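The values are calculated or read from the model by the stated rules, or taken from the named source; none is laboratory data. Given the structure is predicted, the values throughout are model-derived calculations rather than measurements. In this analysis, Cβ positions are derived from the backbone assuming ideal geometry, glycine residues included, and neighbour counts consider all displayed protein chains.
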Amino acid sequence: MSNLMDLSDSELIIKHLASAPSSFKEILVELASLRQPAELDLLARSSTLGVLNRLPPEIITIILDMLDIQSMFRFSMSSYMGYAYVHSHRKYRDLITVALHPVASLVKLRVVHLHSVRELHGALRSGKCTYCPEYGAFLSLLSSERCCWECLGTNPSLKLISGASIRQYFALSEEELYQLPGLRNMPGISHMVADPNPSDSTFFNVKAAKAIALTKHGSVEKIAEGMRKRCYSTAHLTFGLHLLREPIPPDQDPLLVPDSDYLRYDLFYGGGSIPFPSLSKSGNIDHGFLCLGCRHTRTLLSRSVLPDEELAALVPSNCRKRRVIYGLEMRARARGSFLNHIAHCYGARQMAPWLVTQND
Ligand SMILES: [Zn+2]
Ligand SMILES: [Zn+2]
């Protein structure tokens, strides 16, 4: 058995065997106006919040929690007292200090109003994927949900589809579509695939569309029945029915879902998310690490030199080997679980045996 005690200094391991998840997807943008202003001597100034002065401070804090971070920033500009309230608000300070770039991306992509400070801070403080036990290195742009790479590609709730597809699959009217939060595809800013039809370049979250469709049609079976009439090809119907599936149980590893239940089909894979850090109770900031050892394992597989016994240990018999091995390569892990993983990673042992000692 490998043991963490056998490993050399963790910094050395991270230096040799880790890479950052943002290396495969980067849309981070600067927004100068969200940077911390210079410190001011606010307590020495007289100021007012207008009618809000009548409210106790704890109620004002609750109201600030419900604002999005851009509105909170504007509130801070309204008066010296407003500034003092906002800049002493712990959730705001955490977000601006730890997640300034992703917050700026939300502003730039015009979706920041969909995320309250409370929701964003909740995502910051929880490193876990909303839908599985793995580390969630990304934030869904339309729902404040933290998610992992595998769930981004396979979980129907996280998929984004165009308005035309929403109408086809869920039979929603223009008016109902208007109720859904949307993400405009902005070439040069978002990294979604350019839509061939410029009049239909807003994309919607399947989970929100499904919720409205359930209210309208009454049941998943009725929605599926409508899809069978409207879908003009087997491929369209298969995808539509996939959108109706429930997410996998929250304790299941999405990578190990049997092939028979697995479908990865998403033109906008990852386009509805941004890399998002996490902040632990003890103040540690994580972005997630990808394992270079797992990348090495995938290379060995593609050269057909990965030993059968190692392959059998990694891939269940009912899963395609390339899917699982590639998924392991793309899996981001928080620092602690990354170091634990390295102690058991075949590729890491092959790449850097001087760092990873195995005692069987
Ligand atoms: Zn996940
Ligand atoms: Zn690995």
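Any chance the range 56-68 includes a residue that's among the polar types (S, T, N, Q) and modelled with pLDDT under 90? Yes. Looking only at the range 143-153, decide whether some residue is more than 12 Å from the chain's Cα centre (by Cα) and farther than 14 Å from Pro275 by Cα. No; the residues of the range 143-153 include none that is more than 12 Å from the chain's Cα centre (by Cα) and farther than 14 Å from Pro275 by Cα. Here the range 277-301 is the region considered, the condition is being among the hydroxyl-bearing types (Ser, Thr, Tyr) and away from ligand 2 (no atom under 16 Å from the Cβ), and the residue that is modelled with the highest pLDDT is Ser278. When residues in the range 146-172 are screened for being touching a strand residue (DSSP E or B) at 6+ places or on another chain (Cβ under 8 Å) and more than 26 Å from His217 (Cα to Cα), 5 of them pass. Just one of the numbered conditions (1) more than 16 Å from ligand 1 (Cβ to nearest atom); (2) more than 16 Å from Cys129 (Cα to Cα) is not true of Arg335: (2).
Checking each residue in the range 337-353 for being part of a helix (DSSP H, G or I) and within 10 Å of ligand 2 (Cβ to nearest atom) picks out Phe338, His341, Ile342, Tyr346, Gly347, Ala348, Arg349, Met351. Of the listed requirements (1) under 27 Å from Cys148 (Cβ atoms); (2) charged (D, E, K, R); (3) at pLDDT 90 or above, Glu246 misses just one: (3). Considering every residue within the range 198-216, establish whether at least one is surrounded by fewer than 13 Cβ atoms within 10 Å (Cβ to Cβ) and modelled with pLDDT under 90. Within the range 198-216 (the criterion being surrounded by fewer than 13 Cβ atoms within 10 Å (Cβ to Cβ) and modelled with pLDDT under 90), the answer is yes, since at least one residue qualifies. Taking each residue of the range 209-236 that is touching a residue at least 60 places away in the same chain (Cβ under 8 Å) and at negative phi and looking for partners that are in a helix (DSSP H, G or I) and surrounded by 10 or more Cβ atoms within 10 Å (Cβ to Cβ) with beta-carbon atoms closer than 6 Å, six or more apart or interchain, yields Arg230/Gln168; Cys231/Leu237; Cys231/Gly240.
When the range 323-336 is filtered for residues that are touching a residue at least 24 places away in the same chain (Cβ under 8 Å) and either within 13 Å of ligand 2 (Cβ to nearest atom) or in a helix (DSSP H, G or I) (or both), the ones remaining, listed by number, are Arg323, Val324, Ile325, Tyr326, Gly327, Leu328, Glu329, Met330, Arg331, Ala332, Arg333, Arg335. Residue count for the range 115-151, restricted to those that are of a type in the set (A, V, I, L, M, F, W, C), away from ligand 1 (no atom under 12 Å from the Cβ) and modelled with pLDDT of 95 or more: 4.
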